[in-house]
Each structure stands twice: as C-alpha cells, then as structure tokens.
1. Considering amide H positions built from the backbone, and no H for Pro or chain starts, which residues 5 or more places from Met103, or on another chain, come under 5 Å of its amide H?
2. What's the extension gain from Leu117 to Leu143 if we count 0.36 nm per residue and subtract their Cα-Cα distance?
3. Rule-of-thumb check for segment 111-154: C-alpha Rg over 2.2 N^0.38 Å?
4. Roughly speaking, what is the stretch gain from Cys150 to His181, that is 0.36 nm per residue apart minus the C-alpha to C-alpha distance, in nm to one decimal?
5. Expressed in nm², what is the orientationally averaged projection area of the convex hull enclosing the Cα positions of segment 136-193?
6. Using only Cα atoms, what is the ratio of the radius of gyration of segment 7-195 to 2.2 N^0.38 Å?
Amino acid sequence: MSGDLSHDGDRSIRLGRQIRHWRLVKGLILRDMAKLVGCSESLLSKIENDRTTPSLSTLHKIAVALGLSISDIFGSGESEIVTRANKRNVLLVDGDESDGDRMRLEQLAPAKKGRLLQADMYIIPPGGGSNGEIQHSGEEFGLVIEGSLCLTIENMSYALEAGDSFVFRSELTHSFANNGHTVARVLWINTPPTF
C-alpha cells in the first residue's frame with residue numbers, strides 16, 4: 001500500500017451539499033443548526049458550501065444535530081452486498097478544499113436502514129485525527145493496517161502500530177491522532193452505525 005491519500009476513481013461525497021440537504025429536510029435554519037452544533041454560522045456556511053470540511057468531531061456533532069449517523073450522510077453504495085474498491089463512497093474531512101492532506105473515510109459497507117454495523121477505512125495523514133473528543137452509543141473495533149495511531153480513551157492514550165487492534169465502548173470519550181510521519185490506514189467498525 002502506498003502512503004498516498006489520492007485514490008483512482010474517487011467517489012468523494014460533496015459533504016457540504018449533503019449537510020445542507022439534510023438541514024433543509026429537517027426544517028432547520030442555519031442559525032439554529034449552528035447553535036445545535038456549537039459552531040458559528042460562518043463556519044457552518046463554509047462547510048455547507050464545500051469551502052472547508054469539518055473535523056471528525058464537528059462532523060459527529062452535525063450528524064447528531066440532524067438526528068442522523070455519518071453513514072446516513074455518506075449515502076448508500078450501488079450494492080448491498082459487495083463494495084468494489086474503486087466504487088467506495090469517500091468523505092474528506094478536516095481541512096479546506098485546497099488542502100491535499102485531509103483525512104479520508106472510505107465507506108466499506110453501504111449504509112442501509114436496519115444495518116447493525118458500520119465499516120470504514122480511515123486514511124489519516126500525519127498530523128490528522130479526530131481533532132476533538134467523540135462520544136456516542138455503541139461499540140467500536142479497529143485494526144491498524146498501515147502506519148501508527150495514538151488512540152485516547154477516557155484520558156488514557158495507547159500507541160498503536162500496524163497489526164495492532166482495539167475495541168472499546170463508544171460511550172467513553174475518545175479521540176485519535178496520527179502522530180507518525182506516514183499515512184495511517186485503519187479499518188474501523190462501529191456498531192450500531194450511529195457514527
């Protein structure tokens with residue numbers, strides 16, 4: 001595997017467009033949505049216009065404010081059973097449009113109502129991560145495929161290398177960062193797909 005963040009056949013989700021769509025479906029005005037998320041209207045407007053992307057922590061707050069999971073924002077793939085490597089939906093998070101080193105979340109299991117788990121490949125550039133704590137219902141499992149990851153659960157940090165795995169209850173505050181010098185690839189599974 002290469003340390004490159006680019007991906008042939010990129011199926012990047014226009015995250016801002018999806019967020020705006022769901023905000024309007026829920027009947028929320030920008031000001032009210034910003035209050036629910038705990039950010040400025042200006043930041044939310046930039047996100048909705050795809051001029052910047054939220055950190056994973058902020059994206060989680062947006063999903064909660066909309067009563068959705070991040071999987072719902074992703075949308076579903078072409079098949080309910082097989083997802084081809086070059087057909088994965090991709091979310092780029094944490095940065096502006098000109099930033100080539102944004103974290104990628106590649107959807108491995110298409111979102112579908114009633115599904116009991118969510119599986120994604122997190123591709124985290126050096127210095128990237130959740131940029132804040134996350135907390136939600138469920139359980140999480142991960143396997144570091146490549147690179148390294150610092151995972152923090154309830155103020156206890158764990159240094160993980162390729163081949164290491166983890167599991168924890170999602171109700172515990174958690175965050176993660178790639179403090180290494182190469183791209184980290186992490187298979188990340190959540191159940192239920194609330195995130």
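1. Those lying under 5 Å, H to H, from Met103 are Val93.
2. Details: separation 26, 0.36 × 26 = 9.36 nm, distance 1.55 nm.
Extra length from Leu117 to Leu143 when fully extended: 7.8 nm.
3. Rg over 2.2 N^0.38 Å, computed on Cα atoms: 1.36.
4. Details: separation 31, 0.36 × 31 = 11.16 nm, distance 1.26 nm.
Full extension from Cys150 to His181 adds 9.9 nm.
5. Values: hull surface 14.2 nm².
Result: a mean projected hull area of 3.6 nm².
6. Values: Rg = 15.7 Å, N = 189, 2.2 N^0.38 = 16.1 Å.
Here the Cα radius of gyration is 0.97 times the empirical estimate.
Every read-out reported here was derived from the displayed coordinates using simple, explicitly stated rules and does not represent laboratory data. It should be emphasised that the depicted structure is a prediction, and the values quoted were computed from it without experimental measurement.
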